[in-house]
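Following: one structure in structure tokens, then a few remarks.
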């Protein structure tokens with residue numbers, strides 16, 4: 001027992017002597033700090049290794065893959081612009097036919113073709129000097145139709161939203177094709193001529209349509225697409241594929257302008273007069289037959305009495 005006590009006493013005394021030394025506590029602090037720092041570095045390295053094993057590359061977010069083309073947000077902020085490079089160098093040769101405008105303005109917006117007046121379903125733009133000019137996209141969108149048309153002078157159609165399109169007629173040297181994504185201000189073609197509006201010379205016929213109803217482009221220049229989306233065009237002017245207007249009011253205006261009555265009404269009046277004459281002749285013949293019968297009956301009566 002004494003030997004064990006002596007050993008324990010000697011160990012305690014050695015520990016006490018160690019802690020009495022000046023460098024003992026600093027050495028302990030440094031060793032502890034080294035151990036803690038080593039543990040932190042080891043923990044960070046283990047997390048990085050775990051992250052490398054996880055695939056954070058998503059292939060689908062709300063049903064849309066990353067490699068699909070995204071629609072730029074600023075497109076919705078674009079305003080309709082004149083489809084020319086320099087709006088100050090052009091003029092509007094013929095305005096849009098508006099049913100709510102004055103009679104003089106409506107007459108000025110009629111296009112004379114094939115001995116008939118047609119309401120203008122867009123605006124016709126020309127240079128001051130009558131020369132050709134570049135035709136640019138009034139708004140970013142997708143080219144949905146490129147058509148060669150001798151009557152309208154070729155046609156380009158660009159879709160900007162469901163049911164909302166811009167149409168460019170009377171163009172040459174077309175630089176786009178169906179399916180192209182075009183940016184606002186991008187060159188589409190050069191202004192040309194058309195048989196439909198020969199008096200305009202070299203010009204661009206520009207239309208804006210919503211659900212195939214033509215609207216006045218002047219009302220939407222410098223306005224965003226949302227302004228047209230919110231507009232109710234149910235009572236507007238419907239147009240067919242050839243770009244000609246179809247409305248009963250337009251046909252009445254044409255008759256008033258040309259000073260001619262519809263041929264169909266003339267035919268009806270002639271038929272009515274002919275039928276009236278025929279009915280009169282029939283009545284006359286019936287009356288004559290009745291008179292003849294009466295005379296015969298009277299003669300027979302007289303002969304029997306005699």
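Brief remarks follow.
- Which numbered condition residue 175 fails, given (1) buried (at least 19 other Cβ atoms within 10 Å of the Cβ); (2) assigned to a loop (DSSP other than H, G, I, E, B): (1)
- Selection count where residues are assigned to a loop (DSSP other than H, G, I, E, B) and closer than 22 Å to residue 132 by Cβ, scope the range 75-94: 5
- Number of positions in the range 126-149 that are touching a helix residue (DSSP H, G or I) at 6+ places or on another chain (Cβ under 9 Å) and closer than 13 Å to residue 204 by Cβ: 4
Here's the yes/no breakdown for (1) surrounded by fewer than 19 Cβ atoms within 10 Å (Cβ to Cβ); (2) within 14 Å of the chain's Cα centre (by Cα):
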site: 145; (1), (2): yes, yes
site: 151; (1), (2): yes, no
site: 157; (1), (2): no, yes
site: 161; (1), (2): yes, yes
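- Qualifying position, being modelled with pLDDT under 75 and either closer than 30 Å to residue 166 by Cα or surrounded by 10 or more Cβ atoms within 10 Å (Cβ to Cβ) (or both), among 81, 49, 24, 58: 24
- In the range 109-132, the residues that are closer than 19 Å to residue 95 by Cβ and not in a strand (DSSP E or B): 109, 120, 121, 122, 128, 130
- Subset of the range 99-122 that is farther than 13 Å from residue 196 by Cβ and in contact with a helix residue (DSSP H, G or I) (Cβ under 7 Å, 6 or more places away or on another chain) - its residue that is modelled with the lowest pLDDT: 99
- The set of residues in the range 222-231 being surrounded by 16 or more Cβ atoms within 10 Å (Cβ to Cβ) and either within 21 Å of residue 125 (Cα to Cα) or out of contact with any strand residue (DSSP E or B) (no Cβ under 9 Å at 6 or more places or on another chain) (or both) is empty.
The values are calculated or read from the model by the stated rules, or taken from the named source; none is laboratory data. Values in this document were obtained by computation on a predicted structure and should not be read as measured data. Ideal geometry is used to build each Cβ from the backbone, glycine not excepted, and the neighbour counts take in all protein chains shown.
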